[in-house]
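Enquirer: Just dropping this structure here.
The values are calculated or read from the model by the stated rules, or taken from the named source; none is laboratory data. It should be emphasised that the depicted structure is a prediction, and the values quoted were computed from it without experimental measurement. Because the Cβ atoms are built from the backbone with ideal geometry, glycine has one as well, and the counts that use them run over all protein chains shown. For accessibility, only protein heavy atoms count, side chains too; no ligands or nucleic acids. Shrake-Rupley method; radii C 1.70, N 1.55, O 1.52, S 1.80 Å.
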Amino acid sequence: MTAVEHQLRSHWKEWLLLTGILFATYLIYSVGISGDFLLDDAHNLERLGARGAIETWSQLWVYITSGQSGPTGRPVALLSFLLDANNWPAPPGPFKQTNIFIHCLIGLILYLVTKKLIESTNIARGKAAWLALLAATLWLLNPLFVSTTLYIIQRMAQLAALFTMLGFLGYLIGRNHIDQRPRLAYSIMTGSVLLGTTLATLSKENGILLPFLLLIMEFSLKHHWLESGPSRRWKFWFLGIPSMAVIIYLGRGLISVDETLMNRGWSALERLQTQPMILLDYLYHLLFPKIQTRGISRDDVEIVTSGWLILGTGALIASLVLFAVMIRKKAPLLTFGVLFFFAGHLLESTIIPLELYFEHRNYLPALMLFLPVSHGVHLLHGTYSKWVAWLLSAILVLTFGAATYLRASLWGDQDLLLLTWGRNNPHSVRAQLNYVQTLNRLDQGGEALNALESARSLRPESGVLDLYYAANRIVRRNFTSEDFDEIATQFNTKPYEGDQRAALELLVDTINKGGENPEFREVMHRILREWRRRWGDVSHVKERSLHLQGILDSGQSRPEQALGHFRAALQESGKPEAGLSMASILINDGHPDAAIQLLNGVRPMLDSGAAKLTDPEAKMLGSALDQLMKKAQSRINSSGSAEGENVPVHYAHDIEP
């Protein structure tokens, strides 16, 4: 009998149970597959069809380099979406199913990694397998991760965790061979760190923490490794230097920590002093799961300003970290789990100006969080009775699994999910907007209007709620130009919000769908001009405000004004694809002459190379431009317009600032 056969026969129960847990995880999550896309899913996934179906290498290259979700564009995550569709629109089910498979795959690798770590603390191999199985299962079935696994675009967070765990596994495999085959060991470890970090970072930026997390592992288990570790020189170059780069990057951000961020409404310092409270909230929900949380609409988190609360929460986290460090000789798994969690939050829960709170930020940091729980079960097994330890483990697994099933079931019913979030988050602007949109979709317009009125009273500083309120009243035809003028006056005095762009788009679309209305049109133009004047320094505000003015004029049968605004927006963006989008709007609104003039301005951008496009991008955009030209000319010919008829153009210098 070979060693491998002996290993399989000795541990067939663990492998059988692991297979059952992975299958149960898939079944539990599968009740959520029927849910729809959420929030920024569509915004990120529509690139699948931005240039038509992705069927050639040039189209593939354009697609994977089109990402805008982070500094890297996250091309690995974008590439993964081709497993589910190569065009847009597409059904959400395949995307969610792939996310569930990835979640289960991470659970499998997590089991292998934690088993090796537990064995390193000199716990018997058989017992280590069971403890690793418990730690991996509690992560797999943690209900907090429903909002990562079933939120399609958070595959980015999943893949960062997947490649981080693969990096850990490869590192540990290589480390085990240092004494016998050092050259092979260092090759495997180096490849695992470099490849794992690269792929994880190109999925989501927090993957760059892999070397730092490996350093923490080496520190935590320093007194317990059964074999020799890598040399100090190797650790310095492959783990230390990348870790120092991250620390220096974050440290430089502290220089401007007291500057208020225009598009957030709080400073980096205020964010930093609020994060300890949020981290403790994360820990509470991870360790004591609830059937329902407040979901992904947490834009209602208040900045912590109380000095005592700031000191108290900061001191509590510092105490946890210090305690973990002090007991590393006696409880290395507890040390590693605690330090891994807080280190995993270094990028997203410190000074980088992201939104304050999101559940999916725990997906990677919590990977090792249940090692301390397993360690506690091990101590219980030795101190009391193995039956008590088994019973506690079973209760934990069943509790986590039941809560995850119930939460995944809610995610499988999109309308019920958004209604629940709306009722549970009365102070969240985002939750209320989704709540109102769901009520409107269910033909409950009166209740939607009441909800908006209530939300405006709770969040009077929100201009976004004002815009949605105006749009809903316009649809119900109980809105006058005087009412609209009052809303415009209020909106133009309120702070900037990240969702203002979407709200303005909705309002422009609502006005246009109602037919020509000069009074509403002029008020809307005033809103957009003032928005541009006040917030023109915020990214894309100038371009988007001009674009929306063009859409408004096009829908209100004013092609010459629309063309002027579109030309100004194109000048701001410098992107030929933006011009093609504007031309499509003009054609669809019945203004092919204006579309041709706009396209005549786009062609030099392609021919001159000013847009800095790759050859595949330029060819694809050139082909799309030719198709739009033919479509516009066909519309002119079919309507009997004089070929080549010109529309008066308002250039950028004619547009009000």
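Enquirer: Along the charge dipole of the chain, pointing to its positive end and built from +1/-1 on Cβ of Lys, Arg, Asp and Glu, which listed residue (Thr274, Leu17, Ser228) has its Cα farthest out?
Expert: About the Cα centre, the residue reaching furthest to the positive side is Ser228.
Enquirer: Mind checking the dipole of region 375-485: about its Cα centre, +1 per Lys or Arg Cβ, -1 per Asp or Glu Cβ, Debye to the nearest 20?
Expert: Using only the charged Cβ atoms, the result is roughly 500 debye.
Enquirer: Nearest 10 degrees, 0 to 90: what angle lies between the long axis of helix 500-513 and the longest principal axis of the chain (Cα atoms)?
Expert: The angle comes out at about 40 degrees.
Enquirer: Using only Cα atoms and rounding to the nearest 10 degrees, what angle (0 to 90) does helix 241-253 make with the longest principal axis of the chain?
Expert: Taking Cα atoms only, the helix is inclined about 50 degrees.
Enquirer: With every protein chain in place, what's the accessible area of Leu159 (1.4 Å probe, Å², nearest 10)?
Expert: Per-residue accessible area (Leu159): approximately 10 Å².
Enquirer: Using the Cα centre of the chain as the reference point, and only Cβ charges (+1 on K/R, -1 on D/E), how large is the resulting charge dipole? Debye, rounded to the nearest 20.
Expert: Dipole magnitude for the chain comes out near 3120 debye.
Enquirer: A further question on this structure: Ignoring ligands and nucleic acids, what accessible area does Trp237 show with a 1.4 Å probe (Å², nearest 10)?
Expert: My reading of the accessible area for Trp237 is about 150 Å².
Enquirer: Considering only protein heavy atoms, what per residue accessible area in square angstrom results for the chain with a 1.4 angstrom probe?
Expert: 44 Å²
Enquirer: Where the convex hull is taken over the Cα atoms of region 88-170, what is its projected area averaged over directions, in nm²?
Expert: Its Cα hull, projected and averaged over all orientations, spans 5.9 nm².
Enquirer: Still on this structure, I have one more. Got a number for carbon plus sulfur as a percent of the chain's accessible area, 1.4 Å probe?
Expert: 59 percent
Enquirer: Within a Cβ distance under 12 Å of Gly445, other residues only, what is the Lys/Arg minus Asp/Glu net charge?
Expert: In short, +2.
Enquirer: Taking only DSSP H segments of four or more residues, each worth -39500 (n - 2.57), what value at 222 nm results for the chain once the sum is divided by all its residues, to the nearest 500 deg cm²/dmol?
Expert: -21500 deg cm²/dmol
Enquirer: A follow-up question, please. Rounded to the nearest 0.05, what FRET efficiency do Asn492 and Arg232 have when you use their Cβ-Cβ distance and R0 = 41 Å?
Expert: In this case the efficiency is close to 0.10.
Enquirer: Using the Cα centre of the chain as origin and beta-carbon charges of +1 (Lys, Arg) and -1 (Asp, Glu), tell me which of Met524, Gly295, Gly579 is placed farthest towards the positive end of the dipole.
Expert: Toward the positive end, the furthest listed residue is Gly295.
Enquirer: Sort largest first and round to whole Å: the equivalent ellipsoid semi-axes of region 234-382, each the square root of five times a Cα gyration tensor eigenvalue.
Expert: 28, 21, 14
Enquirer: If you don't mind, another one. Suppose R0 equals 60 Å; then what is the FRET efficiency for Glu522 and Gln180 from their Cβ-Cβ distance, rounded to the nearest 0.05?
Expert: Rounded to the nearest 0.05, the efficiency is 0.15.
Enquirer: Additional query: Please report, largest first and rounded to whole Å, the three semi-axes of the ellipsoid equivalent to region 150-247, where each semi-axis is the square root of five times an eigenvalue of the C-alpha gyration tensor.
Expert: For region 150-247, the ellipsoid semi-axes come out as 25, 14, 12 Å.
Enquirer: What nm distance separates the two modelled labels at Arg477 and Leu280, each placed 7 Å from Cα along Cα→Cβ?
Expert: 5.6 nm
Enquirer: In addition: In units of 2.2 N^0.38 Å, what is the alpha-carbon radius of gyration of region 129-182?
Expert: That works out to 1.51 for region 129-182.
Enquirer: Using only Cα atoms, find the angle between the long axis of helix 615-639 and the longest principal axis of the chain, and express it within 0 to 90 degrees, rounded to the nearest 10.
Expert: 30 degrees
Enquirer: For labels at Asn450 and Trp225 in the simple 7 Å Cα→Cβ model, what's the distance in nm?
Expert: In this crude spin-label approximation the distance works out to 6.6 nm.
Enquirer: Would you calculate the separation in nanometres between label points at Ile173 and Leu391, each defined as 7 Å from the Cα along the Cα-to-beta-carbon direction?
Expert: Here the modelled spin labels are 4.1 nm apart.
Enquirer: Roughly how many Å² of Asp483 are accessible to a 1.4 Å probe, to the nearest 10?
Expert: Estimated to the nearest 10 Å², Asp483 gives 40 Å².
Enquirer: A follow-up question, please. Using the Karplus curve 6.51 cos²θ - 1.76 cosθ + 1.60 with θ = phi - 60°, what ³J(HN,Hα) values do you get for each residue of region 308-321, in whole Hz, with x for Gly and Pro?
Expert: Per-residue couplings from phi come out as 5, 5, 4, 5, x, 5, x, 5, 5, 5, 4, 5, 4, 5 Hz.
Enquirer: Please work out the FRET efficiency for the pair Ile291 and Phe101, using the Cβ-Cβ distance as r and a Förster radius of 30 Å; give the result to the nearest 0.05.
Expert: 0.75
Enquirer: Work out, in µm²/s and without decimals, the Stokes-Einstein translational diffusion coefficient of region 372-420 at 25 °C, 0.890 mPa s, Rh from Kirkwood over C-alpha pairs.
Expert: 193 µm²/s
Enquirer: Restricting to Cα atoms and excluding each atom paired with itself, what does the Kirkwood estimate give for region 468-536 in Å?
Expert: After inverting the mean inverse Cα-Cα distance, the result is 12.2 Å.
Enquirer: Continuing with the same structure: Which of the following values of volume of the Cα convex hull per residue in Å³ was calculated from the structure shown: (i) 182; (ii) 157; (iii) 170?
Expert: Answer by label: (i).
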